[in-house]
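Asks: Handing you a structure now.
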Amino acid sequence: MAVGVDIWQVKVAFGALEVLKGVDLNIAPGELVTLLGASGSGKSTLLNVVAGLLQADSGDVAFDGRSVQDLAPRDRNIGFLFQSYALFPHLTVAENVAFPLRARHRDKKTQGRVTQQMLDLVHLGEAGGRKVSTLSGGQRQRVALARALAAEPAVLLLDEPMAALDKHLREEMQVEVRRIQRDVGITTISVTHDQTEAMTMSDRIAILREGTLVQVGSPEECYMRPADRFVATFLGEANLVPLTDRAGSGGTAVVRPENYTVETNLAAPAGPYSATGTVRLVSYQGARCRVEVTAETTGELLVASVAGTVDRAGLAPGAPVRLRCLEPDKVHVLT
Amino acid sequence: MAGADKGVVAKAQAGRGTVEKGVLLLPVAVALVAGVLVPLVVIVVASLQDGGGAYRETFSSSLFRAALGRTWWMAVIITLGDVLIGTFYALAAASARRGLQALLLGALMFSMWTSVMVRSFGWMLLELPKGALYWLAHTFFGRSEPIELYQTVGGMYPAMFAMMLPFIVLPVLAATRNVDADQLKAARTFGASTWLTLRTVTLPAIRPAIVSAGVLVFVMSLGFYVTPLLLGGPSNLTVSGVINLEMRSANRPDLGASMSVILTTATVVVYLVSDRFFRVSEKWG
């Protein structure tokens with residue numbers, strides 16, 4: 001049922017600007033892969049190439065092992081969820097959802113049955129007769145998702161699916177979209193610049209930088225073992241500690257802020273990756289408390305994220321502290 | 001919150017705003033009074049000189065009634081025809097490649113920039129019994145009898161279609177270019193044919209522009225003078241032609257005035273009614 005997607009050496013240039021510099025990516029059937037990158041990284045371009053809305057200069061895209069490079073978007077059997085949702089404003093909710101079926105000339109009975117199935121799937125079973133303009137942002141997204149899935153597409157493409165939602169709704173819909181994607185079991189490619197969204201929703205994350213894939217892996221792999229400094233700092237916060245004291249080895253340790261604890265007792269013995277310095281800023285964030293420390297040796301800024309319940313009495317700006325690494329074996333070293 | 005902001009802005013500007021606004025509005029007010037209000041009052045007064053007798057005579061005049069019917073049907077047919085042709089013209093121009101698009105728009109703009117008089121004479125040269133059309137028919141099809149189009153009701157129509165076409169094409173083209181690109185992409189990816197996309201995305205989106213352009217063309221056609229007069233001829237006068245006749249040749253300014261008032265009122269009524277139904281004024285800003 002679900003098909004795999006193979007992207008092979010895809011290159012796209014707009015004039016002299018190389019937007020994609022030969023991207024390889026294999027997506028397993030039923031998998032949700034997120035293309036994560038800053039604006040201009042080429043992630044949307046890659047999605048448009050898969051959709052057929054943009055022709056690659058070279059390379060190939062295959063669904064289920066068959067090249068779709070020469071197929072028009074309508075012949076690729078894709079479901080597309082647009083950032084703006086792109087719902088048709090003068091059609092009802094049900095007519096919007098039925099649109100892909102109508103475009104493919106399914107009979108009226110099938111259209112009605114599938115539309116109701118899809119609306120039930122996104123928990124909008126009662127809203128079929130409503131006008132799109134009366135829906136909230138979250139409801140519109142559900143309708144757009146139902147429409148994208150209506151014609152049983154081989155591949156679902158999500159273009160910045162959460163960008164138009166406020167924070168609470170975004171978190172809710174990330175879980176909801178993931179649930180629906182799993183229920184349907186459809187191979188999905190999502191595009192986002194939001195690393196939390198990528199972590200929450202994906203089986204694997206593909207991180208793009210300036211037209212090149214820098215790392216592909218599960219959220220945990222990418223977070224715990226980033227391929228380079230860019231990934232380490234792009235995906236969450238990271239303290240990049242140079243390992244100059246190790247004879248000859250060099251390298252940089254990636255210590256996540258939550259892997260540091262702050263100690264005011266400098267007499268205690270130091271552990272690996274620990275550092276001393278003075279407190280610069282303490283920001284209380286409720287569940288967590290963020291402590292910025294100016295390192296004594298390098299003068300660089302180090303960040304620790306400790307439990308919000310920490311005693312902040314000894315952490316006034318300027319106070320001498322030590323950052324101790326809690327789990328040295330979880331520290332990833334870049335060479 | 002928006003309301004509060006507005007209040008602050010209004011207060012800040014209150015000191016100097018009123019005087020400057022008055023000065024800026026003065027030329028407009030003068031132009032409005034001198035160019036619209038005064039002539040309108042003069043016409044209304046002239047039409048009422050003998051206590052409404054001119055109106056009774058106007059309505060019983062078979063010349064006027066025939067002209068009114070002719071004008072009305074011309075405006076209706078020109079509007080419907082141009083809405084149809086103009087919409088397709090605009091859609092073609094919007095989707096054409098650059099060269100063809102430049103040609104389509106260039107032809108339109110060029111004809112718009114040419115005087116109505118000149119273009120009407122151009123149509124006359126085409127339509128004359130032994131004019132350009134006859135020459136074509138004679139040369140290629142061996143036609144020997146002259147063409148009877150000039151100074152008939154039918155003779156007005158092709159020229160009027162051409163005169164009014166740009167007023168449909170330009171606003172509809174602008175609206176076509178503003179159609180949401182994501183919606184078009186969505187229709188494409190979901191497998192919609194060109195026709196389905198046109199029906200479900202493009203046409204609904206450009207409908208307000210089509211309607212307001214249609215009303216504009218209808219209103220303009222009601223009062224058009226030169227083209228119907230030149231190509232329809234003296235026996236097929238439209239209302240504006242009859243007004244000219246009464247005012248100047250027949251020496252009956254009271255009749256001309258009452259006809260003008262009737263034409264103006266009819267035009268305003270058409271505008272108000274269409275605005276009520278289609279909210280045309282919102283499109284015109």
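The values are calculated or read from the model by the stated rules, or taken from the named source; none is laboratory data. The structure presented is a predicted model; accordingly, all values stated were derived computationally and were not measured. In this analysis, Cβ positions are derived from the backbone assuming ideal geometry, glycine residues included, and neighbour counts consider all displayed protein chains. Protein only, heavy atoms only, side chains kept; ligands, DNA and RNA dropped before computing areas. Shrake-Rupley method; radii C 1.70, N 1.55, O 1.52, S 1.80 Å.
Asks: Just the number, please: carbon plus sulfur as a percent of the accessible area of the range A:238-334, 1.4 Å probe, no ligands or DNA/RNA counted.
Replies: Solvent-exposed carbon and sulfur of the range A:238-334 make up 53 percent of the total.
Asks: OK, next. Using a 1.4 Å probe and counting only protein heavy atoms, how much accessible surface gets buried when A and B come together, both sides summed, in Å² to the nearest 100?
Replies: On the way: alone 16030 and 17140 Å², together 31420 Å².
Its buried surface, counting both partners, is about 1700 Å².
Asks: What are the ³J(HN,Hα) values, in whole Hz, obtained from phi via the Karplus relation 6.51 cos²θ - 1.76 cosθ + 1.60 with θ = phi - 60°, for each residue of the range B:211-227 in sequence order, with x given for Gly and Pro?
Replies: 5, 5, 5, x, 5, 4, 5, 4, 5, 5, 5, 4, x, 5, 10, 4, 4
Asks: Still on this structure: Which residue fluctuates the most in chain B, going by a Gaussian network model with Cα springs under 10 Å, if the choices are B:Val239, B:Val41, B:Val217?
Replies: The residue with the greatest mean-square fluctuation here is B:Val41.
Asks: So what's the angle, to the nearest 10 degrees on a 0 to 90 scale, between helix A:137-150 and the longest Cα principal axis of chain A?
Replies: Taking the Cα atoms of chain A, the angle to A:137-150 is about 60 degrees.
Asks: What whole-number value in Å² describes the accessible area per residue of the protein assembly as shown for a 1.4 Å probe?
Replies: 51
Asks: Using a Gaussian network model of chain B whose springs link C-alpha atoms within less than 10 Å, name the residue from B:Asp275, B:Asp50, B:Asp254 with the highest mean-square fluctuation.
Replies: B:Asp50
Asks: Let me ask something additional. So, with a 1.4 angstrom probe, what is the percent of accessible area on chain B that is carbon and sulfur? Let's see the in-between values first.
Replies: Working: 11410 of 16230 Å².
Roughly 70 percent, rounded to a whole number.
Asks: When we measure straight from the Cα of A:Lys330, which aspartates and glutamates land under 18 angstrom away, once same-chain ones fewer than 8 places off are left out?
Replies: A:Glu220, A:Glu221, A:Asp228, A:Glu237, A:Glu258
Asks: Another one. What is the angle, in °, between the Cα long axis of helix A:167-184 and the longest principal axis of the Cα atoms in chain A? Nearest 10 is fine, range 0 to 90.
Replies: Approximately 60 degrees, to the nearest 10.
Asks: Excluding A:Glu263 itself, what net charge comes from residues whose Cβ is under 13 Å from its Cβ, given Lys and Arg +1 and Asp and Glu -1? Walk me through the numbers on the way to the answer.
Replies: Values: positive: A:Arg322, A:Arg324; negative: A:Asp311.
After counting each charged neighbour, the total is +1.
Asks: Give the range of the longest stretch in chain B that excludes all trypsin sites (Lys or Arg not before Pro) found in loop regions by DSSP and having at most 11 other beta-carbon atoms within 10 Å.
Replies: Between the exposed loop sites, the longest stretch runs B:131-285.
Asks: Right, here's the next one. List the aspartates and glutamates whose alpha-carbon lies under 13 Å from that of A:Lys131, not counting same-chain residues fewer than 8 positions away?
Replies: Candidates past the 8-residue exclusion: A:Glu95.
Asks: Provide a list, ordered by number, of residues in the range A:74-102 showing at least 50 Å² less accessible area with every protein chain present than when their chain is taken on its own, using a 1.4 Å probe.
Replies: Residues of the range A:74-102 that lose at least 50 Å² of accessible area once the other chains are added: A:Arg74, A:Phe82, A:Phe88, A:His90, A:Phe99, A:Arg102.
Asks: Among the listed pairs A:Lys43/A:Lys108; A:Lys108/B:Lys185; A:Lys108/A:Lys167; A:Lys109/B:Lys185, which are separated by more than 29 Å between their Cα atoms?
Replies: Pairs exceeding the cut-off: A:Lys43/A:Lys108; A:Lys108/A:Lys167.
Asks: The range B:171-194: which residues show an accessible-area loss of 20 Å² or more, assembly versus chain alone, 1.4 Å probe?
Replies: B:Asp182, B:Gln183, B:Lys185, B:Ala186, B:Arg188, B:Thr189, B:Phe190, B:Gly191, B:Ala192
Asks: When the distances between all Cα atoms of the protein assembly as shown are binned every 10 Å from zero, what whole-number percent does each bin get?
Replies: Result returned by the calculation: 3, 11, 15, 15, 15, 14, 11, 7, 4, 3, 1, 0.
Asks: Ok, one more. Can you show me the helix-derived [θ] at 222 nm for chain A, built from DSSP H runs with n ≥ 4 at -39,500 (n - 2.57) apiece and divided by the number of residues, rounded to the nearest 500. Present the calculation step by step, with values, prior to reporting the outcome.
Replies: Details: 8 runs with 85 residues, N = 335.
Rounded to the nearest 500, the figure is -7500 deg cm²/dmol.
Asks: Measure out, as a whole number of angstrom, how far apart the alpha-carbon centroids of the range A:140-157 and the range B:198-251 sit.
Replies: Cα centroid of the range A:140-157 versus Cα centroid of the range B:198-251: 48 Å apart.
Asks: Give me the net charge for the shell around B:Asp254: Cβ to Cβ below 12 angstrom, other residues only, Lys and Arg +1, Asp and Glu -1.
Replies: Working: positive: B:Arg56, B:Arg252; negative: B:Asp50, B:Glu57, B:Glu246.
Net local charge, B:Asp254 excluded: -1.
Asks: If you don't mind, another one. Only bridges with both residues in the protein assembly as shown count here: give the DSSP antiparallel percent, nearest 5.
Replies: Roughly 75 percent of the DSSP beta bridges within the protein assembly as shown come out antiparallel.
Asks: Between the range B:40-86 and the range A:1-30, what's the alpha-carbon centroid distance in Å?
Replies: 68
Asks: In degrees between 0 and 90, to the nearest 10, how far off the longest principal axis of chain A does helix A:93-103 point, with axes built from Cα atoms?
Replies: That works out to roughly 70 degrees.
Asks: Restricting to Cα pairs below 8 Å that are 6+ residues apart, what does the relative contact order work out to for chain B? Please round to a whole percent.
Replies: Working: 281 pairs, mean separation 77.6, N = 285.
About 27 percent, as a whole number.
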